[in-house]
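Structure first, then comments.
The values are calculated or read from the model by the stated rules, or taken from the named source; none is laboratory data. Here the structure is a predicted model, which is why all the values come from computation and not from measurement. Please note: Cβ atoms are built from the backbone with ideal geometry, for glycine as well, and neighbour counts cover all protein chains shown.
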Amino acid sequence: MAYLDYNATTPLAPCALAAMVPVLEQEFGNPSSIHAHGRRARAVLDNSRDTIAALLGVRPHEIIFTGGGTESDNLAILGLARSRSVLGKHLITVSTEHHAVLHAFEFLAKSEGFEVTVLPVTRDGQLDPDQLRSALRPDTILVSVMSANNETGVIQPMSELAAICRSHGVPLHSDMVQSFGKQTVRPGEIGINALSIAAHKFYGPKGAGILYLEAGQSLAPLHLGGSHENQRRPGTEDVANIAGMAAAAEWVQDGMESEQHRQSVLRESLWDGISRLFPTAIRNGNPELTLANTLNVTFPGVDGETLLIGLDLEGVSVSSGSACMVGSVQPSHVLIAMGVDPALAKSTVRFSIGKPTTAADVEAAFAGLSRVLSRQATKTSTADRL
């Protein structure tokens with residue numbers, strides 16, 4: 001078995017599980033309760049917040065715990081837009097964003113009278129900073145740009161984009177779900193005002209996420225019913241998941257630079273094999289501008305769904321794009337935004353590598369891919385003769 005779908009989710013790190021078990025078994029108190037059980041749970045929560053804040057280089061009260069990346073994106077976009085609507089109703093985002101971002105903007109446009117500008121990207125999937133500069137208006141109140149794409153791994157020039165937004169006094173939010181654990185994520189150094197991350201993308205538990213919100217930024221909560229998270233996200237915190245998330249965050253940061261180099265070597269080895277096996281294969285995204293672990297490949301003339309099923313039968317787990325679009329028969333909106341023909345977009349596979357991935361895993365994946373492509377070529381040749 002070869003698992004090469006780490007951009008979809010990651011296995012739980014042993015240190016994360018070790019942090020969670022004592023909470024589940026012993027520290028079950030409600031962290032809002034004032035008795036001893038509650039205080040012990042609150043201590044775990046506070047220590048986790050301090051750990052994550054230190055990793056991000058921010059203050060603990062700027063960390064809001066959420067249920068995952070989608071909630072963090074929604075809370076940032078809806079909450080910031082609504083709280084700033086008295087200043088204007090123009091919003092800006094990018095065509096290759098995750099649907100947690102795009103759909104939030106669509107909702108604001110359709111239901112609450114906001115105007116949304118969706119910026120295009122280049123063939124390599126990057127946003128031209130001049131496009132952002134030209135799109136900003138006096139009534140622009142929020143910009144959201146994903147730092148690294150979940151399907152292609154394309155990295156955006158966040159520091160330059162942040163400088164443009166700051167020069168216009170417009171807050172910049174970034175979906176950094178794929179970046180954390182693969183890139184240095186320190187919002188103060190980058191210059192962004194809000195960012196979203198999800199634990200299960202960096203070997204933490206599913207159901208836990210973070211919204212960093214710069215001090216001084218107002219936020220309208222999405223839910224009502226309590227004063228949790230400084231009245232920004234009501235609901236009893238999931239202390240066990242948060243403890244696991246904090247442990248995983250420390251673990252994934254340790255030796256990150258050398259690990260990313262190791263993963264890039266494995267990725268290039270896989271691409272070298274694919275390009276020799278299937279010379280017409282197309283690599284989506286400039287490899288110099290993508291995450292070290294991500295390889296997005298189009299196989300012209302090959303049915304993508306059949307390819308994925310074939311690889312699964314070979315024991316190779318990969319995907320065609322975002323795991324959040326499971327069951328969708330539509331071609332990737334990310335690839336179409338990059339100028340890829342819809343038919344070709346349907347013939348695309350995303351390989352994503354993680355910390356547990358070995359050279360043997362890559363070799364097994366390539367061997368399985370070779371067999372699947374060989375079978376498809378044989379079927380095509382037979383059909384052509386009939």
Leading residue by the ranking (modelled with the lowest pLDDT) among those in the stretch 356-386 that are surrounded by 17 or more Cβ atoms within 10 Å (Cβ to Cβ), among the β-branched types (Val, Ile, Thr) and within 19 Å of PHE299 (Cβ to Cβ): VAL372
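Among the helices (runs of 4 or more DSSP H) lying completely within the stretch 150-264, list those that include at least 2 residues that are assigned by TED's automatic domain parsing to the domain that holds SER48 and at negative phi.
On the way: elements: 158-167, 187-190, 228-231, 239-253.
In the stretch 150-264, the matching helices (runs of 4 or more DSSP H) lie at 158-167, 187-190, 239-253.
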Residue tally, condition under 18 Å from PRO331 (Cβ atoms) and either out of contact with any Gly (no Cβ under 7 Å at 6 or more places or on another chain) or polar (S, T, N, Q) (or both), over the stretch 259-315: 18
Positions within the stretch 114-131 being touching a residue at least 12 places away in the same chain (Cβ under 8 Å), at negative phi and not aliphatic (A, V, I, L, M), in sequence order: PHE114, GLU115, THR117, PRO120, THR122, ARG123, ASP124, GLN126, PRO129, GLN131
Members of the stretch 87-128 that are out of contact with any strand residue (DSSP E or B) (no Cβ under 9 Å at 6 or more places or on another chain) and of a type outside the set (Ser, Thr, Tyr): HIS99, HIS103, PHE107, LYS110, GLU112, GLY113, ARG123
Residues being assigned to a loop (DSSP other than H, G, I, E, B) and surrounded by 21 or more Cβ atoms within 10 Å (Cβ to Cβ) - total across the stretch 43-68: 1
Output for the stretch 271-285, where each listed residue is in contact (Cβ under 8 Å) with a residue 40 or more places away in the chain and surrounded by fewer than 15 Cβ atoms within 10 Å (Cβ to Cβ): LEU277
Any hit, the stretch 18-39, residues being assigned to a loop (DSSP other than H, G, I, E, B) and closer than 25 Å to GLU189 by Cα: no
Answer residue from the stretch 286-301, given it is in a loop (DSSP other than H, G, I, E, B) and modelled with pLDDT of 95 or more and is surrounded by the fewest Cβ atoms within 10 Å (Cβ to Cβ) among those: PRO300
Residues satisfying the stated conditions in the stretch 141-184, i.e. of a type in the set (A, V, I, L, M, F, W, C), more than 11 Å from the chain's Cα centre (by Cα) and under 28 Å from HIS261 (Cα atoms): VAL145, VAL154, ILE155, MET158, LEU161, ALA162
Some residue of the stretch 42-62 being in the same structural domain as GLY153 (by TED's automatic domain parsing), touching a Gly at 6+ places or on another chain (Cβ under 8 Å) and hydrophobic (A, V, I, L, M, F, W, C): yes
The lone exception for GLU71 - which of (1) part of a helix (DSSP H, G or I); (2) touching a helix residue (DSSP H, G or I) at 6+ places or on another chain (Cβ under 8 Å); (3) touching a residue at least 24 places away in the same chain (Cβ under 8 Å) it fails: (2)
